Amino acid sequence: MNIELRHLRYFVAVAEELHFGRAAARLNISQPPLSQQIQTLEQEVGARLLARNNRSVQLTEAGRQFLGDVRQILGQVEAAAARAARLHHGETGELRIGFTSSAPFIRTVSDSLSTFRRLWPEVHIETVENTTRALIAPLNEGELELGLMRNTVLPETLDWHLILREPLLAVVHQDNPLARRSTISLCDLASEPFVFFDPRVGTGLYDDILNLLRRHGVTPYITQEVGEAMTIIGLVAAGLGVSILPASFRRVQLAETVWVPFSEQQAVSEMWLVWPKHREIGASARRLAQLLKGKTTPEAQ
């Protein structure tokens with residue numbers, strides 16, 4: 001059987017108009033080729049679909065049955081094409097993104113995710129929270145399409161874009177004398193008990209902050225090592241020491257903690273958008289990446 005979609009569309013037009021001349025005009029073709037295509041369709045189907053004479057065109061019983069089925073088929077084809085187009089343009093489907101615990105606290109990130117959800121609510125966003133080091137492998141292997149992580153050494157297979165460069169701040173208890181100062185130096189923390197990340201966790205902030213302190217001649221007196229920044233803030237609030245965290249965490253407001261800027265301009269941290277260099281990411285991921293890069297009208301090519 002060699003039935004084409006155009007045969008079905010021609011038949012629907014004739015069946016609805018019950019007039020070959022009007023159907024031909026509706027289809028923007030001449031009448032003789034239309035009559036020939038209907039005859040070809042009837043031969044392929046093996047049934048007479050239209051009863052026609054010089055004065056009228058009527059559907060046969062087989063034609064009425066065929067018309068209902070054909071309308072369903074054409075509707076399914078149009079729906080399938082629309083679904084494929086929406087997926088191609090990033091309006092549906094899935095988006096797999098990994099991020100560090102600090103990423104949602106960054107206004108650019110939270111605003112971009114909120115805008116993406118508002119514009120494309122039918123895209124399912126699958127999120128994975130992990131440390132910077134732990135996100136590298138799934139990005140390389142295609143398990144994640146995008147990653148939001150702190151600045152670190154990346155393999156050549158990954159590319160990145162700077163999302164934000166933000167200041168590092170000292171987190172101190174409200175009763176600490178440092179809390180009463182407008183700015184402090186990194187050296188002011190040299191003798192303070194330090195609450196910091198466990199090196200085994202693999203957070204990018206661990207190396208970033210320790211290297212910064214060492215460049216300024218400070219070896220922190222680390223008394224508590226934990227896995228999460230939120231735990232660090234909680235322990236500082238409990239009076240167990242001081243710490244250093246990116247300014248985005250300042251959105252976590254605890255009455256017992258004070259965030260104090262550093263005088264050193266080098267006390268900054270970066271948030272990167274990372275993606276596979278040699279692996280194609282989906283249209284939804286491209287749309288979100290453009291939002292994160294500050295493009296207000298993201299297009300999915």
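Every number in this text was worked out from the coordinates using simple rules, so none of it is lab data. Just so it is clear, the model here is predicted, and its values are computed rather than measured. Note that each Cβ is placed from the backbone with ideal geometry, even for glycine, and that neighbours are counted across all protein chains shown.
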Taking the simple approach of a point 7 Å from Cα along Cα-to-Cβ for both LYS277 and GLN58, what is their distance in nm?
7.5
Could you line up VAL268, VAL128 from fewest to most neighbouring Cβ atoms inside 10 Å?
VAL128, VAL268
Low-density loop cleavage sites - GluC sites (Glu not before Pro) in the range 1-106, where at most 14 other Cβ are within 10 Å (DSSP):
GLU4
Ratio for the chain, C-alpha Rg to 2.2 N^0.38 Å, reads 1.67
Computed on Cα atoms, Rg of the range 79-201 relative to 2.2 N^0.38 Å comes out at 1.45
LEU254 and GLU78 label points (each 7 Å along its Cα→Cβ direction) are spaced in nm at 6.0
Using alpha-carbon positions, what is the distance between the centroids of the range 126-141 and the range 210-262, in Å?
24
Looking at the range 10-53, I'd like the Rg to Rh ratio, where Rg is from alpha-carbon atoms and Rh is Kirkwood's inverse mean 1/r.
0.94
Spherically averaged projected area in nm², based on the convex hull that wraps the Cα atoms of the range 164-269:
5.9
At 10 °C in a medium of viscosity 1.306 mPa s, the range 5-88 has a Stokes-Einstein diffusion coefficient, with Rh taken as the Kirkwood radius over alpha carbon pairs, in µm² per second, of 118
